[in-house]
Protein chains: 2
Amino acid sequence: MTIAEMAAAVLAGDRRALARSITLIESARADHREQAVELLTMLRGSGREALRLGLSGTPGVGKSTFTEAFGMQLAEAGRRVAVLAVDPSSARSGGSILGDKTRMEQLSRHPNAFIRPSPSQAHMGGVARRTREAVALCEAAGFDLVVIETVGVGQSETMVAEICDLFLLLMAPAGGDELQGVKRGIMEMADLILVNKADGDLLATARRTVADYAGALRLLRRRPQDPPDFPKAMPVSAVEGNGLEMAWAEMEALARWRREHGHWARRRADQAAYWFSEEVRHGLLAVLEREPAQGIMARLAAAVTSGEYSPEAAAQQMMRALGRS
Amino acid sequence: MTIAEMAAAVLAGDRRALARSITLIESARADHREQAVELLTMLRGSGREALRLGLSGTPGVGKSTFTEAFGMQLAEAGRRVAVLAVDPSSARSGGSILGDKTRMEQLSRHPNAFIRPSPSQAHMGGVARRTREAVALCEAAGFDLVVIETVGVGQSETMVAEICDLFLLLMAPAGGDELQGVKRGIMEMADLILVNKADGDLLATARRTVADYAGALRLLRRRPQDPPDFPKAMPVSAVEGNGLEMAWAEMEALARWRREHGHWARRRADQAAYWFSEEVRHGLLAVLEREPAQGIMARLAAAVTSGEYSPEAAAQQMMRALGRS
């Protein structure tokens, strides 16, 4: 299959071609990278645009259950839904949060859905960079919604925020106190906080948690890209399906407002500039991951750790070894 | 003054030489950098080691008042105290949080003290990298304690944590609720949380706040580099001087424990390796801040923002322009 054929198949919505092309962009091989850029360049002309939805939440909060229920609702309504996972822990272990496909059994079999587990790359930045390209492929393949799922740890949210149009935070019902230790930085990114498990015994707690978050959100500075009533908190039940339609309505309303006020296009343009810069920076630093630089770097680092060299003297030596001093 | 003379003067504790040598390491000129590395290399042999104390807290919490009272207490007791500021906002504005020297009027005039405002560099990473070197200079000059003061925003704490031996968080008394929106990540760095303004009308509130933080700290995972009773929260009053001696006793106890258990040396070795890597990364990326790369980068970024190029195609062009594709 040539790159042009692959591009045509992706544009035709062929899911196997989409899967293969994501594998291509995830490859670390230099010739694959050339092909990947060629493919992405070909597909840029499609003019198709999905709603890119970031979804974060600590493990156990029910992200997969939510994504399945939410995705099924949209898929059943005729929308095409892609789910991509960004999981830095899987990047470390080589595993994948969505490897266990049974967790989204229904959605993964739905003809309108496409699910892709987290790539098992060693490098968080790398995972996010490739995820952004996978999103572009899904858009070219005609998906209406691309969910980018991430676990609420470390830098993955910041990366995902630079990929998506809307950012969703899924939380569990809990006693008010510390707002479940949610990182404030993450809360500041959220467009919508959904308190899951608002059913059965937890319903009252979930409602109280929603009120807690709503109060906390009011304390945050208002962002210019938000209508007056956003960011919002609301209860959902992924298991019972409650609140999912309303959540989707809120997302659509927010997306519409941002489009109408020019924030949508501006954000996408800023994101593109961000990733351009990231790609260049990564390209420059990549030399350190190859021999002979990697070996020299390791030896100098050992000499620094043992106290033989100062960090700056060792850095100077390294720059000389790279021919850049 | 030759570099050797400057090194000798710093080792002799000459404060004007120390100030001049810090100016040298802050300089962006290539020849100055060479001299700075030479100076730092000469001073490495001093074998002197200060307690490096990171101090963070949101604006208005009384950091300067605390630093002055705390520093005066130690200076009066015969210890030599240096205060360095790392302020990313001053890096942007070109100003300095300690520019207004009157805020530490007493301490700045004390013969045992040395105060240095934040360098006005454009780049946060740059500020922190140079601050680390300024700390090394202060150590060589025979200071017993180096306080690295930073405001509680953004990435500066992470940087400061990679410089210091102990990390102090100064907080204001407040209603429990959201623990004053302190970033959890910052709290996880703290070895000691000091609740300031524990005097007059605020005394009771301060005590309650200490209990709140103590509770929150207990929820955090225990770190191997901590004795069982750390991290701790305690009340202080910078204005009345209450609790300052006790706080110092706690810091000394923690430092002693870490020395005895090998964590001290290990942390310093890890920090040195971190800064070696940072210096090399910065050295590689520095090409982007010089012409012609800077101009090409700006033109390509504009083309990406306008949608003319994809981020990856523009990055490929950039790497070719740099001769690294």
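The values are calculated or read from the model by the stated rules, or taken from the named source; none is laboratory data. Predicted, not measured: the structure shown is a model, and the values here were computed from it. FYI the Cβ positions are ideal-geometry reconstructions off the backbone, even for glycines, and counts take in every protein chain you see. Just the protein is used for accessible areas: all its heavy atoms, side chains included, with ligands, DNA and RNA removed. Shrake-Rupley method; radii C 1.70, N 1.55, O 1.52, S 1.80 Å.
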Can you find a residue that is at pLDDT below 90, among the small types (Gly, Ala, Ser) and surrounded by 22 or more Cβ atoms within 10 Å (Cβ to Cβ) anywhere in the stretch A:18-29?
no
Anything in the stretch B:241-262 that is exposed (fewer than 14 other Cβ atoms within 10 Å of the Cβ) and basic (Lys, Arg)? List them, or say none.
B:256, B:259
With the requirement that a residue be over 25 Å from residue A:49 (Cα atoms) and loosely packed, with under 12 Cβ neighbours inside 10 Å, what does the stretch B:300-325 give you?
B:320, B:323
Has the stretch B:66-74 got at least one residue that is free of Cβ contacts under 8 Å to residues at least 60 places away in the same chain and in a helix (DSSP H, G or I)?
yes
Do we find a residue being under 22 Å from residue B:171 (Cβ atoms) and not aliphatic (A, V, I, L, M) anywhere in the stretch B:253-267?
no
Looking at (1) of a type outside the set (Ser, Thr, Tyr); (2) closer than 30 Å to residue A:244 by Cα; (3) surrounded by fewer than 19 Cβ atoms within 10 Å (Cβ to Cβ); (4) out of contact with any strand residue (DSSP E or B) (no Cβ under 9 Å at 6 or more places or on another chain), which one does residue A:42 not meet, given that it meets all the others?
(2)
Among the residues of the stretch B:52-65, is there at least one that is closer than 24 Å to residue B:248 by Cβ, within 16 Å of the chain's Cα centre (by Cα), modelled with pLDDT of 95 or more and assigned by TED's automatic domain parsing to the domain that holds residue B:258?
yes
Would it be correct to say that residue A:266 is closer than 18 Å to residue A:161 by Cβ and either open to solvent by 20 Å² or more (accessible area, probe 1.4 Å) or not β-branched (Val, Ile, Thr) (or both)?
yes
Within the stretch B:221-325, considering only helices (runs of 4 or more DSSP H) that don't extend past its boundaries, which have at least 1 residues that are at the interface with chain A (Cβ under 9 Å from one of its Cβ atoms)?
B:263-285, B:293-305, B:311-321
Could you go through the stretch A:241-251 and let me know if any residue there is more than 24 Å from the chain's Cα centre (by Cα), modelled with pLDDT under 95 and either not assigned by TED's automatic domain parsing to the domain that holds residue A:104 or not aromatic (Phe, Trp, Tyr) (or both).
yes
Breaking point among (1) touching a helix residue (DSSP H, G or I) at 6+ places or on another chain (Cβ under 6 Å); (2) at pLDDT 90 or above, for residue A:96:
(2)
Output for the stretch B:193-221, where each listed residue is in contact with a helix residue (DSSP H, G or I) (Cβ under 9 Å, 6 or more places away or on another chain), crowded, with 22+ Cβ neighbours inside 10 Å and at pLDDT 90 or above
B:193, B:194, B:195, B:196, B:197, B:198
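Let's see how each residue does on (1) of a type in the set (Asp, Glu); (2) touching a helix residue (DSSP H, G or I) at 6+ places or on another chain (Cβ under 7 Å):
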residue: B:242; (1), (2): no, no
residue: B:251; (1), (2): no, no
residue: B:270; (1), (2): yes, no
residue: B:300; (1), (2): no, yes
residue: B:311; (1), (2): no, yes
For the stretch A:150-187, give me each residue that is modelled with pLDDT of 70 or more and at the interface with chain B (Cβ under 10 Å from one of its Cβ atoms).
A:186, A:187
Residues (open to solvent by less than 20 Å² (accessible area, probe 1.4 Å), at pLDDT 95 or above and not hydrophobic (A, V, I, L, M, F, W, C)) located in the stretch A:224-240:
A:237
